[in-house]
Structures are given as structure tokens and as C-alpha cells.
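S.K.: Take this structure first; my questions come after.
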Amino acid sequence: MGTGLLDIDLDAVAANWAALDAKTAVETAAVVKADGYGLDIAKVARRLARAGVRRYFVATAEEGVTLRAALGAGPEINVFSGHMAGDCDMIRDAGLIPMLNSAEQARRHRQALPDAAYGVQLDSGMNRLGMEPADWAALRDDLEAGPLALIMSHLACSDAPGHPQNAAQLASFSAMTDGVSVPRSLSATGGILLGPEFHFELCRPGIGLYGGAPFVDARPVLRLSLPVIQVRDVAPGETVGYGATWGTERPARIATLAAGYADGLIRKMGNRANLWAGNIACPLAGRVSMDLLTVDVSQLDEVPEHLDILGPHQSVDDVADAAETIGYEILTSLGSRYTRQYRGDAS
Ligand SMILES: *Cc1c(COP(=O)(O)O)cnc(C)c1O
């Protein structure tokens with residue numbers, strides 16, 4: 001087989017959800033936007049539904065339609081981007097709950113679908129999505145009188161527990177929602193770990209479900225094994241790869257593996273990440289190509305048929321560090337060429 005093998009442990013996703021749920025006294029939803037952080041929204045959500053998840057969040061109405069088809073009627077599907085022009089049929093037919101982000105979205109939704117449930121997203125300081133305090137103050141009575149299901153906001157710095165913006169956003173969200181009678185949600189994965197005052201009635205983790213920081217106690221979800229196409233001996237003075245950025249002063253053995261930046265192995269990790277042969281780290285040697293990696297396997301007595309780039313010794317966050325990015329980007333960049341193998345019942 002000429003492509004990498006991506007092993008996705010859905011039971012670990014379910015266990016991570018349960019572990020995050022156990023950290024709060026409130027309901028825990030699941031964020032499955034971007035195709036379940038790249039791992040397949042239908043499989044992830046079905047496994048989570050079996051674990052007891054009743055509320056889901058996606059980025060767009062289109063994702064909500066896909067999720068509804070996977071889950072069937074029943075679970076609540078909330079849409080972060082709210083009610084965009086053209087979303088009306090999808091929201092109605094798939095029974096989605098848009099998080100209304102502006103006065104314009106509120107007007108659009110209430111006019112088009114007056115009986116359809118909605119949530120409200122408030123901006124508590126991130127300045128990305130959500131109504132500003134003044135918009136909300138003007139609309140609050142009206143919106144509270146309709147089928148309002150949820151009020152939410154999002155923290156900009158929850159992965160940095162000491163950051164003063166966490167307390168500032170908590171104060172802003174609390175002030176804006178004081179006295180409301182519907183559930184409130186402020187926290188994603190990071191906010192869950194900040195403590196109970198951030199939990200309100202509903203938490204909505206994403207990255208922690210998939211094994212990423214800041215949930216450092218997460219069970220690993222992924223193993224990515226890459227086939228070795230060819231092994232060669234390289235003599236002192238020779239170089240490896242584009243730009244000749246890796247050289248050797250001793251005789252070396254180089255393995256060439258079948259995956260590259262077109263498969264989400266970001267070019268910046270060249271010369272920095274490791275491949276693993278069991279417990280032995282083998283450093284990347286030279287730049288990442290589109291379809292190929294070159295690895296220094298000199299210390300191995302025997303080169304195995306596959307080397308792992310994700311697994312127990314190297315998480316998505318480790319790989320992200322090598323590429324100067326975050327685990328979220330590694331997950332959502334995992335390419336379509338891998339053979340995907342799912343552990344745990346996804347039916
Ligand atoms: C992506 C997202 C989440 C989930 O965040 P994680 O850090 O992945 O847990 C929650 N809420 C909003 C608004 C988001 O955009």
C-alpha cells in the first residue's frame with residue numbers, strides 16, 4: 001500500500017468527551033465543525049451520540065445539514081455562523097438552531113422563520129462573532145420573548161489560564177446575560193479547565209475531544225503510519241532533498257516515506273519533527289516535499305515497513321510545535337490520501 005494509514009480511535013473521542021463532561025456539573029455538548037476537526041463528522045458524531053451527547057455545534061448550516069443526515073431527528077444542532085442569507089431552507093428542513101450574531105441576522109431569522117428556535121451569540125471581547133452589548137440591549141426583550149434556546153459567547157484566551165482577558169470576558173458575559181432564563185454557554189475546551197465560574201449551563205468542547213491541547217490529559221486519538229518507499233545510503237558530504245538543506249559528515253541511511261505537505265504534513269516541520277520506529281525517534285532529514293518525506297534512519301538496525309509521525313510518542317501538538325502552528329491546524333489539514341481506519345463502532 002502506497003499511502004499512509006491513519007488510525008482514528010472513536011472510543012478515545014468518546015472517552016475524552018466523558019472526561020471533560022466529568023470536569024463540570026453542567027451539560028456538555030460537542031463541537032464537530034470542519035468535518036469533526038478533520039476526522040469525519042458523521043463517524044465522530046454517531047460515536048458521541050452513543051456516549052450520550054445531545055447537543056452539537058457546527059460552523060455553517062451546510063455542516064448542520066450533513067450532521068442531521070448522520071444523526072437523524074432528535075439531537076440539537078447549533079450553527080455558530082448564525083442565519084446567513086440563503087440558509088433559510090437548510091435551517092428549516094434540517095431543524096438547525098442558528099446562533100444569531102447581529103441585528104441583521106435576528107431580523108432575517110424572525111421574518112423568515114418566526115416559529116423556529118434560535119440562539120444568540122454575544123461578543124464579550126473577542127471581536128469576532130456575536131452581538132455587541134448595545135445591539136443586544138436593544139433586541140433583548142424581543143429576542144427573549146421568542147423561541148430563544150441558548151445564549152453563548154466565546155473566550156479568546158482560554159488556553160492561557162492567567163490571561164486577564166478571561167476574567168474580563170467572564171464579567172462582560174455575566175453582565176450581559178444577568179437574569180436571562182435560558183441556558184448560557186461560554187466555554188470551549190480551555191474554558192472548562194478554567195473552573196466552574198466559566199461553565200454556566202452548557203460547555204462546548206471541540207479540540208479536547210480529539211486529543212488536543214489544552215486538554216493535556218486527553219487520550220490519544222490518532223496514529224499515522226507512513227510507508228517507507230525506499231532506503232538509501234548517503235555518503236559524507238552529500239545532501240538530502242530540495243534546497244540541499246540537510247547534509248551529513250558521517251555515512252547515513254535515509255528512508256523516503258509516502259506523505260508530504262499535500263497530506264497536511266506542513267512544510268515548515270522539515271528538519272524538525274521526528275518519525276518513530278517503535279520507541280526510536282528518527283529525525284526528518286531535509287525539507288518536506290509535496291508527496292514525500294526523507295528521514296534519517298541511521299540508528300535503526302532494520303528499517304521497518306512503516307514509520308509513525310503521529311502516535312503515542314508524538315501528538316498533534318508536538319507536530320504542530322515543529323511546524324510553528326497549533327494542533328487544530330494539523331488535525332484539520334490531514335489529507336484525503338490516507339487510508340483511514342476507525343476504531344470503535346461508528347454505526
Ligand atoms: C471552535 C469553537 C469551539 C470549540 O473550541 P475548542 O477550543 O476546539 O474546544 C467552541 N466555540 C466556538 C464559538 C468555536 O468557534
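The values are calculated or read from the model by the stated rules, or taken from the named source; none is laboratory data. Bear in mind that the values here come from a model prediction, so they are computed numbers and not experimental data. Cβ coordinates were reconstructed from backbone atoms using ideal geometry, including for glycine residues, and neighbour counts include every protein chain displayed. Only protein heavy atoms, including side chains, enter the accessible area calculation; ligands, DNA and RNA are left aside. Shrake-Rupley method; radii C 1.70, N 1.55, O 1.52, S 1.80 Å.
S.K.: Within region 201-253, which residues are aromatic (Phe, Trp, Tyr) and under 22 Å from the mean Cα position of the chain (by Cα)? I'd like the intermediate steps shown before the answer.
M.R.: Applying the first criterion (aromatic (Phe, Trp, Tyr)) to region 201-253 yields 210, 215, 242, 246.
Within region 201-253, 210, 215 qualify.
S.K.: Considering only region 27-52, how many residues are farther than 14 Å from residue 66 by Cα and more than 15 Å from the ligand (Cβ to nearest atom)?
M.R.: The qualifying residues number 5.
S.K.: Name the residue, out of 55, 107, 92, that is basic (Lys, Arg), under 23 Å from residue 203 (Cβ atoms) and either open to solvent by 30 Å² or more (accessible area, probe 1.4 Å) or touching a helix residue (DSSP H, G or I) at 6+ places or on another chain (Cβ under 6 Å) (or both).
M.R.: The match here is 55.
S.K.: For region 109-121, indicate whether the set of residues that are part of a helix (DSSP H, G or I) and within 27 Å of residue 199 (Cβ to Cβ) is non-empty.
M.R.: Checked region 109-121: no residue is part of a helix (DSSP H, G or I) and within 27 Å of residue 199 (Cβ to Cβ).
S.K.: Could you tell me which residue of region 258-283 is surrounded by the most Cβ atoms within 10 Å (Cβ to Cβ), considering only residues that are within 26 Å of the chain's Cα centre (by Cα) and part of a strand (DSSP E or B)?
M.R.: 275
S.K.: Failed condition for residue 237, given (1) in a loop (DSSP other than H, G, I, E, B); (2) under 30 Å from residue 46 (Cα atoms), with all others met?
M.R.: Going through (1) in a loop (DSSP other than H, G, I, E, B); (2) under 30 Å from residue 46 (Cα atoms) one by one, residue 237 breaks only (2).
S.K.: Oh, and also: Can you pull out the residues in region 200-214 that are closer than 20 Å to residue 47 by Cα and open to solvent by 10 Å² or more (accessible area, probe 1.4 Å)?
M.R.: Selection gives 211 alone.
S.K.: Which residues, taken from region 95-104, are open to solvent by 30 Å² or more (accessible area, probe 1.4 Å) and not polar (S, T, N, Q)?
M.R.: 95, 103, 104
S.K.: Here's something else I'd like to know. Considering only residues that are farther than 14 Å from residue 15 by Cα, more than 16 Å from the chain's Cα centre (by Cα) and assigned to a helix (DSSP H, G or I), which ones fall in region 47-63?
M.R.: 61, 62
S.K.: In region 312-341, what count of residues is obtained for those that are open to solvent by 80 Å² or more (accessible area, probe 1.4 Å) and of a type in the set (Ser, Thr, Tyr)?
M.R.: Summing the residues that are open to solvent by 80 Å² or more (accessible area, probe 1.4 Å) and of a type in the set (Ser, Thr, Tyr) in region 312-341 gives 2.
S.K.: Here is a further query. Taking residue 23 and the conditions (1) farther than 23 Å from residue 264 by Cβ; (2) away from the ligand (no atom under 14 Å from the Cβ); (3) of a type in the set (Lys, Arg), which numbered condition does it fall short on, given that it satisfies the others?
M.R.: (2)
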